[in-house]
Ligand SMILES: [Zn+2]
């Protein structure tokens, strides 16, 4: 299929080409003009009406040639953008397109090109707006549960300390089933590897915050999440686990190799050493050099923990990490290279875990750049796998209160002030003040005086020279009422640390309740259609991997025995 | 008001705006030489308008090599900064009454561009801030040598009584159109002889630890609910 955007360069009309190219160039900054000219017409320009029509028609022809892949999947890769609502995807698509020198709107993130799409209803058994624990539980077990619960059913009360009660009500995950069927399994995240989303694939607990043994209340018999990861015993254990969260794997008496802070385990266990000892051909790595040195052909079990807590935002990773850490894309490709050695196939979960954190901090820039990185990881996975035998799913656990508003003209910088079609100055609100296209309904960017930053626009970083620390992001404990709105300018709002304005002041921006998207390609991907309950995602994966048929057969046998 | 809140009020919001990246790494020697000390300070905010009540707060400050700790007078809340074995600085907010520490991962400090200037942490003012003030008098307080330093901008005046051997302020007074804010040292002693000692680091290690980044996902946690909704309400 020809690209309608580049088609203009193949147009017969020289005048038409010139006009559109000039229009395009006007919208680009002075800095990008020279590189655009140097790129000499590989630069995007607007399609003609004919291009639009033809491209639209071509899309239908392509759709008519779309053949559902009815085969069973050998491999399943499940990508989760934590908190990656549809507005986040749209804004990231535009940001990514503008970074590439285009107007932006016409761009597609890698996973937006997948052929099948459905909407996912994310509510949990007890929450209209859910958190990551019950939503990921629904995705990987096929059963909705209550808030904060990790792969246990709704009958386990929150913070249930009894291992017996948790075990009696645990929900089998797709990862566990994959292991039982002799597939290899991996978990990759930019969050702590014990955080709710990755945890739901391999652990069972009624409190998502019980990530290390020091998080457990006295007398609790349920194992902490880090221990459940390393003690996972089905068929030789988990094959690949890459992410953050080091301190919950090392004892209090040991110090972190990168920062020197103390470990958090009270039980004295060094789970990183245990990982290496209990698994065959196992390695533990904590920095990029060690990670790069791992040969997938000779390593069968890889644990990589690259930060004491979550790994860096992609926007900060290269510039600021002391020891160096791999990107989500690098972790994904290394995981696939290890897992694909199993001829029975594999299940891999990859989470862009910090999209959610950036949103909670009210910082659109880091949310968009982490989404961009998730898109790169999906692209790498698509290139490393075959759609004939590998089901790739990209979805989110829930959304955020993040909006794209106003009437900005085509190509308006997505992080910028809203400027209408044909306007030479930003649009003004009814107070006579400019405003941004991206905003949050609630959160920390409220412009009243907070206990951490003065009245006016808020920043992700604390003021230079302040005696105390700030925090990661702006985590205020209190606000005063804002008076009017601050006077914004494009340099301020497009800076990476700007926090978009919010209506309702809160200590952290919140999740949102609207549906999220499910993108898919590969075997049984066509079973995603329409508006679905989130727990259907599991059932499509189980169907694709042939587990569902087996389940049906077992139920049938049981019914027979009962007769 | 917390000590950090006070210093931000005095220095963070425009009177001086210094950032000295990288300084923290070159200060360990100075750190070793400085005296281990325990101080009690009081902060008073006095509005010029007679209709408004003044507010008064006391808190403790402790310094020893590799560690700075502060605590409110009632012992409920504190802050701790520690230099780790490899030169990183670990910062935690301490909610003693809840036996909970909120941690700010060292990994995230560069992300935040938090200028963890160890000298400034250890002495509240750094050399550049002091240099911006003129020495007007040499004197004695608490039996120690001190310098009275003064400075002025369009909007405010600032006066610092500086203990030269201890590298700490005996007082900081900032006045602007609406109020004067005063920090005064009320007790000073070697750490070993201090009436009140800092919280034990081993004890703090047993507190529940929460990464500040996770607050957004802990909306149902009773502790997080409390600190996000109740701390320092101004209205
Ligand atoms: Zn969240």
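Counted as qualifying within the stretch B:154-235 are the strands (runs of 3 or more DSSP E) with 2 or more residues that are more than 14 Å from chain A (Cβ to nearest Cβ), namely B:157-163, B:168-175, B:179-190.
Consider the stretch A:304-333 and keep the residues that are touching a strand residue (DSSP E or B) at 6+ places or on another chain (Cβ under 7 Å) and facing another protein chain (nearest Cβ under 7 Å). The one that is nearest to residue A:248 (Cα to Cα) is A:309. Out of A:166, A:150, one residue alone is touching a residue at least 40 places away in the same chain (Cβ under 8 Å) and within 16 Å of the ligand (Cβ to nearest atom). It is A:150. Could you please let me know if residue A:477 is facing chain B (nearest Cβ under 10 Å), closer than 30 Å to residue A:135 by Cβ and either assigned to a strand (DSSP E or B) or over 25 Å from the mean Cα position of the chain (by Cα) (or both)? When the stated conditions are applied, residue A:477 passes them. Looking at this structure, is residue A:409 without any contact (Cβ under 8 Å) to a residue 24 or more places away in the chain, outside the structural domain of residue A:100 (by TED's automatic domain parsing) and buried (at least 22 other Cβ atoms within 10 Å of the Cβ)? Here the answer is no, as residue A:409 does not meet what is asked.
With respect to (1) over 19 Å from the mean Cα position of the chain (by Cα); (2) in the same structural domain as residue A:198 (by TED's automatic domain parsing); (3) away from the ligand (no atom under 16 Å from the Cβ), the lone exception for residue A:108 is condition (1). Taking the listed residues A:329, A:333, the one that is in the same structural domain as residue A:200 (by TED's automatic domain parsing) and either within 16 Å of the ligand (Cβ to nearest atom) or closer than 18 Å to residue A:96 by Cα (or both) is A:329, with no other qualifying. Out of curiosity, is residue A:452 more than 14 Å from chain B (Cβ to nearest Cβ) and away from the ligand (no atom under 16 Å from the Cβ)? When the stated conditions are applied, residue A:452 does not pass them.
Restricting attention to the stretch B:141-153, report how many residues are assigned to a loop (DSSP other than H, G, I, E, B) and without any contact (Cβ under 8 Å) to a residue 60 or more places away in the chain.
Residues that pass the stated criteria total 2.
Inclusion of residue A:444 among residues that are touching a residue at least 60 places away in the same chain (Cβ under 8 Å), within 16 Å of the ligand (Cβ to nearest atom) and either buried (at least 16 other Cβ atoms within 10 Å of the Cβ) or more than 14 Å from every other protein chain (Cβ to nearest Cβ) (or both) is warranted.
Looking only at residues that are within 16 Å of the ligand (Cβ to nearest atom) and not in a strand (DSSP E or B) in the stretch A:339-358, which one is nearest to the other protein chains (Cβ to nearest Cβ)? Explain how you work it out, then say what you get.
First pass over the stretch A:339-358, keeping only residues within 16 Å of the ligand (Cβ to nearest atom): A:351-358.
Pick out the ones that are also not in a strand (DSSP E or B) and you get A:353-358.
Numbers: A:353: 11, A:354: 9, A:355: 12, A:356: 7, A:357: 5, A:358: 10 Å.
Here the answer is A:357.
Looking only at residues in the stretch B:77-92 that are in contact (Cβ under 8 Å) with a residue 12 or more places away in the chain and out of contact with any strand residue (DSSP E or B) (no Cβ under 7 Å at 6 or more places or on another chain), which one is surrounded by the fewest Cβ atoms within 10 Å (Cβ to Cβ)?
Of the stretch B:77-92, the ones in contact (Cβ under 8 Å) with a residue 12 or more places away in the chain are B:77-84, B:87-92.
Within this subset, residues satisfying the condition of being out of contact with any strand residue (DSSP E or B) (no Cβ under 7 Å at 6 or more places or on another chain) are B:87-88.
Values: B:87: 14, B:88: 23.
So the residue we want is B:87.
Take the residues in the stretch A:373-414 that are away from the ligand (no atom under 16 Å from the Cβ) and in a strand (DSSP E or B), then tell me which one is farthest from residue A:535 (Cα to Cα). Within the stretch A:373-414, the match that is farthest from residue A:535 (Cα to Cα) is A:404.
Residues checked against (1) touching a residue at least 40 places away in the same chain (Cβ under 8 Å); (2) within 14 Å of chain B (Cβ to nearest Cβ):
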site: A:506; (1), (2): yes, yes
site: A:529; (1), (2): yes, no
site: A:533; (1), (2): yes, no
site: A:538; (1), (2): yes, no
site: A:552; (1), (2): no, no
site: A:555; (1), (2): no, no
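Looking only at the stretch A:487-500, residues that are touching a helix residue (DSSP H, G or I) at 6+ places or on another chain (Cβ under 9 Å), away from chain B (no Cβ under 13 Å) and not in a strand (DSSP E or B) come to 2 in all.
State which residue is surrounded by the fewest Cβ atoms within 10 Å (Cβ to Cβ) when the search covers only the stretch A:274-284 and only residues that are under 17 Å from residue A:194 (Cβ atoms) and touching a strand residue (DSSP E or B) at 6+ places or on another chain (Cβ under 9 Å). Explain how you work it out, then say what you get.
Initially, the stretch A:274-284 is screened for residues under 17 Å from residue A:194 (Cβ atoms), giving A:274-275, A:284.
Imposing the further condition that a residue be touching a strand residue (DSSP E or B) at 6+ places or on another chain (Cβ under 9 Å) reduces the set to A:275, A:284.
Details: A:275: 22, A:284: 20.
Result: A:284.
The values are calculated or read from the model by the stated rules, or taken from the named source; none is laboratory data. If you're wondering where the values come from, they're calculated on a predicted model, not measured in any experiment. Ideal geometry is used to build each Cβ from the backbone, glycine not excepted, and the neighbour counts take in all protein chains shown.
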